[in-house]
Amino acid sequence: VNIILNTDNLEIAKTIAKMMRGPSGGFSTVRAVGFRLEDRNQVAVSMNMFDTDATPIYRALEVVKFEAARYGLEVVGTQIVGTVHLDALLNCVEYYLRLVDWDRKQIIENHLIGL
């Protein structure tokens, strides 16, 4: 998961990434680096998320947003690189939409593919 910031300051992305990764005292299931998106003239906090049950994507995103705000910055986008579990994305939807009386059985595709 790449979290894109509205700056080109690579040191800020690296600082936030260091705070996010487990060995530095952050989330034990996250490894993170800061890197430059040359085509966008922005930087990103790039995370390998090894267990999105223990550390949901939305939780990592909220922490990066909080840390970016300390520098007067905002998150301007995210990227999913590679594969992701459907449950990890649904957890984000459930969190951000604050769904009430929601059941995953309401997802029509689950009925079409027999889940």
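Taking the residues in region 3-54 that are hydroxyl-bearing (S, T, Y) and touching a Phe, Trp or Tyr at 6+ places or on another chain (Cβ under 8 Å) as candidates, determine which candidate is nearest to A69 (Cα to Cα). The extreme case among them is T7. Inside region 32-61, residues that are open to solvent by less than 30 Å² (accessible area, probe 1.4 Å), over 10 Å from the mean Cα position of the chain (by Cα) and of a type in the set (G, A, S) make up a count of 3.
Are any residues in region 82-99 among the aliphatic types (A, V, I, L, M) and assigned to a helix (DSSP H, G or I), and if so, which ones?
Matches in region 82-99: L86, A88, L89, L90, V93, L97.
Does any residue of region 68-81 turn out to be part of a helix (DSSP H, G or I) and either of a type outside the set (S, T, N, Q) or more than 17 Å from the chain's Cα centre (by Cα) (or both)? Yes, region 68-81 contains at least one residue that is part of a helix (DSSP H, G or I) and either of a type outside the set (S, T, N, Q) or more than 17 Å from the chain's Cα centre (by Cα) (or both). Return yes when V81 is of a type outside the set (S, T, N, Q) and buried (at least 18 other Cβ atoms within 10 Å of the Cβ) and no when it is not. No, not satisfied. Within region 12-31, if we keep just the residues that are part of a helix (DSSP H, G or I), touching a residue at least 12 places away in the same chain (Cβ under 8 Å) and of a type outside the set (K, R), the residue that is surrounded by the most Cβ atoms within 10 Å (Cβ to Cβ) turns out to be A13. Taking the listed residues A60, A54, the one that is touching a residue at least 12 places away in the same chain (Cβ under 8 Å), closer than 20 Å to L97 by Cα and small (G, A, S) is A60, with no other qualifying. Scanning region 87-115 for residues that are under 20 Å from T55 (Cα atoms), charged (D, E, K, R) and exposed (fewer than 11 other Cβ atoms within 10 Å of the Cβ) turns up just one, R98.
The values are calculated or read from the model by the stated rules, or taken from the named source; none is laboratory data. Predicted, not measured: the structure shown is a model, and the values here were computed from it. Ideal geometry is used to build each Cβ from the backbone, glycine not excepted, and the neighbour counts take in all protein chains shown. Areas reflect the complete protein model, heavy atoms only, side chains present, ligands, DNA and RNA absent. Shrake-Rupley method; radii C 1.70, N 1.55, O 1.52, S 1.80 Å.
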